[in-house]
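All remarks here apply to the structure that follows.
Read-outs: derived from the displayed coordinates by stated rules, not from any lab. Note that this is a predicted model, so its numbers are computed, not measured. Cβ atoms come from the backbone with ideal geometry, glycine included; neighbour counts cover every protein chain shown.
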């Protein structure tokens, strides 16, 4: 549930939007969309430029640990003859 400050901010935002002309509203929407796209581009660039060597080492360790766990489980759950 929003607190009082959020409700006041929402009410102020709504009143500003209803007071805008069509052109002002279009320009406001375009600016907001542009800012959002810029933030997403920075986030994607940070993800894509991650350390590949570290990711490879982490993946190798994870695969090894998973193999060991599966091997142990298989050993103890194997029916005895």
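State log₁₀ I(q)/I(0) for the chain at q = 0.16, 0.17, 0.26 Å⁻¹ as given by the Debye formula over alpha-carbon point scatterers of equal weight, solvent excluded.
Values, matching the q order: -0.85, -0.89, -1.12.
GNM, the chain, Cα, under 10 Å: largest mean-square fluctuation among 16, 31, 43?
Residue with maximal mean-square fluctuation among 16, 31, 43: 16.
For the pair residue 74/residue 52, report the inter-label distance in nm, with labels modelled 7 Å from Cα in the Cβ direction.
Computed distance between label sites residue 74 and residue 52 equals 3.1 nm.
Compute the long axis of helix 52-77 from its Cα atoms, compare it with the longest principal axis of the Cα atoms of the chain, and write down the angle in degrees, 0 to 90, nearest 10.
Roughly 50 degrees, rounded to the nearest 10.
Return the calculated 222 nm mean residue ellipticity for the chain, to the nearest 500 deg cm²/dmol, obtained by summing -39500 (n - 2.57) across DSSP H runs with n ≥ 4 and dividing by the residue count.
-29500 deg cm²/dmol
Provide the gained length on full extension for the span residue 32 to residue 17, in nm with one decimal, where the gain is 0.36 nm per separating residue minus the Cα-Cα distance.
4.1 nm
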